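The values are calculated or read from the model by the stated rules, or taken from the named source; none is laboratory data. Keep in mind that this is a model prediction, so the values were computed, not measured. Every residue, glycine as well, gets a Cβ built from its backbone with ideal geometry; the counts of neighbours run over all protein chains shown.
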Amino acid sequence: MTLKVKKTIKAKIVYLTRIKQRLLEEEYANLQRFLHGGKTELYSANKQQAERFYKKIKPNKKYPLSVRKDLLKLERRDTKIAEYWVRLPVKGRRGGLWVAVKPHCPIEPDVEICESKLFKRNGNFYLYVVFQKEVEIPKPEPTDKTVVIACDIGEANPLASVELWNQGEKRKNALFLGREIRNIRAHYNDLKKRIGQKKVKHAVKWIKEHVEDKETRKVNDVLHKATTKIVDTAEELKKSGCTSIIVYGDLEKVRHQRIRGKTRCRKNNRKIHAMSSHKIKHMLTYKALWKEIPVIPVNETYTSQLCWRCGSLNTETGKRLFKCKDCGLEYNRDLNGAVNMGNRLYGYMLLSRASVNTPQTFPESTTPKGDWLAFQCAREETLCESWGSSHHKPSNEGIHGELCN
C-alpha cells in the first residue's frame, strides 16, 4: 500500500550576519504586532499565512512565522559554513533571504517540502521544516520470517517491548525503555511544590516558562531515544531478510474522571495523568512508516490480566510480577501484556490463535483501529467466526516462560 508520510526536522539557523539578523528579527516582530492588531509592513505571503492559521490570539504570547511551501527553498551546498541553505521570504529582501541551517539529522534527497514554521527561542532562530514522501508499506502476512515487535505502554515502564518469532512461539530481546521519565517527573513535581511553598512572585508564570518547559524537553528526549531504538531494531531485522511489524496497544480511557464521593490517591492520579502514551504512539508511527515498516494498533482489552501461555484470567499481579494460578506462570507484568498484544495481532492475521488470545467478552471493535494501518487484514473474512472456533491448546514448550536470548 502506498502512503504519504510526513516528518519534521528541526534546523537551527547559524552564522547570521548583522543584516540577516536584523531582517529576520524585523519580520518576526512585525508578525507579532500584526497578530495583536498593530499596523506593520509584513510580507504579503506571511500575512496570508497568519490570517489562515491563527484565528484566536492570546495576549503576551509569541507565535511562529508560517512559511508557505512554494516560497521555501532548500539547497545542499559544498561550503565550509554549512551543508544546507534555506531561502526565507522577508519584506526587506527581494527574492528572499538565504540563511545557513544546521538540521538535527541528515535530509534525504528526494523528499517534498511542506509548510514550515520559524521560531525564535533564547535569541536564536529555528526552522521546523516538514518533509513528505511516498512510501510502500508491505501487507503484513504471517510467515516463518515474520517478526512482531510488541510494545506495551505503561507508567512505570513507559515502553516495554519484546520480539515474537515463529508466529509467537519464541520470545527474544526484551527491552524496558524510558524508566528515567518517572524520576524526571518526580523531581520537577517536588520543585514545583517548593516554589509554591516559598510564595515566589509570579510563580505560576515562572514555573510554566522555566520548569515545565525544561521537564517537557527532557521527557521528549527520552521518548525520542526509546522509540528510535525500537524502529532501528525493526529496520535491522528488515535488512537481514525478516518481515518486521511493530504492534502496540490502543490505550484509551486511562484518565478516568473523578467520581463524586469516591476517594482517590493524588500521587497515583498525577502519575496516570502524566503518562506519555499519545506521544509514544505518535513517535512510533511516524518513525516506522518513514522507514516503510508496518505499525498496527490492536485492542488492548484484558491484555494485562490474560495469561499469554494458557489464556486464563485466573491471575494476579503484584507490583511488576504477573502470576497465573492455573498454569503457574510467573512473568513480568508489562512483558505479559506485550506478548498478548503480539499474539492478538497473529490472531488477526491467521484467524486461528484468536480463540486463545482474545478477551472473554466481545469487545467494541475486533479489528485494529486505523484501516489504512491494518491493511484490511480483517475485512476479507469475518472475525466473528473465530470467536466461536474451537480453542487451540498452547504448546508446553518453554513452560517457565523464559525469554530466548
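Whenever a residue of the stretch 58-83 is more than 18 Å from residue 123 (Cα to Cα), its partners that are exposed (fewer than 14 other Cβ atoms within 10 Å of the Cβ) and of a type in the set (Phe, Trp, Tyr), lying with C-beta atoms within less than 9 angstrom and at least six residues away or across chains, give the pairs 66/53; 81/15; 82/15. The requirement of being under 21 Å from the mean Cα position of the chain (by Cα), of a type in the set (Phe, Trp, Tyr) and over 18 Å from residue 156 (Cα atoms) is fulfilled somewhere in the stretch 283-302, by at least one residue.
In the set (1) free of Cβ contacts under 8 Å to residues at least 40 places away in the same chain; (2) within 25 Å of residue 179 (Cα to Cα); (3) not hydrophobic (A, V, I, L, M, F, W, C), the condition left unmet by residue 325 is number (2). Only a single item in (1) touching a strand residue (DSSP E or B) at 6+ places or on another chain (Cβ under 9 Å); (2) among the aliphatic types (A, V, I, L, M); (3) without any contact (Cβ under 8 Å) to a residue 24 or more places away in the chain is not met by residue 191, and it is number (1). Screening residue 193 against (1) loosely packed, with under 15 Cβ neighbours inside 10 Å; (2) in a strand (DSSP E or B); (3) basic (Lys, Arg) leaves a single unmet condition, (2). Listed by first and then second residue, the pairs with beta-carbon distance under 7 Å, at least 6 apart or on different chains, first residue in the stretch 233-256 and within 30 Å of residue 272 (Cβ to Cβ) and not assigned by TED's automatic domain parsing to the domain that holds residue 164, second assigned to a strand (DSSP E or B) and at pLDDT 85 or above, form an empty list. In the stretch 286-316, which residues are assigned to a helix (DSSP H, G or I) and free of Cβ contacts under 8 Å to residues at least 60 places away in the same chain? Matches in the stretch 286-316: 288 only. Would you check if there is a residue in the stretch 151-167 being within 30 Å of residue 29 (Cα to Cα) and surrounded by 15 or more Cβ atoms within 10 Å (Cβ to Cβ)? Within the stretch 151-167, not a single residue is within 30 Å of residue 29 (Cα to Cα) and surrounded by 15 or more Cβ atoms within 10 Å (Cβ to Cβ). Could you tell me whether residue 186 is in contact (Cβ under 8 Å) with a residue 40 or more places away in the chain and not in a loop (DSSP other than H, G, I, E, B)? Against the criterion (in contact (Cβ under 8 Å) with a residue 40 or more places away in the chain and not in a loop (DSSP other than H, G, I, E, B)), residue 186 does not qualify.
Residues considered: 20, 6, 39. Of these, the only one that is assigned by TED's automatic domain parsing to the domain that holds residue 114 and in a strand (DSSP E or B) is 6.
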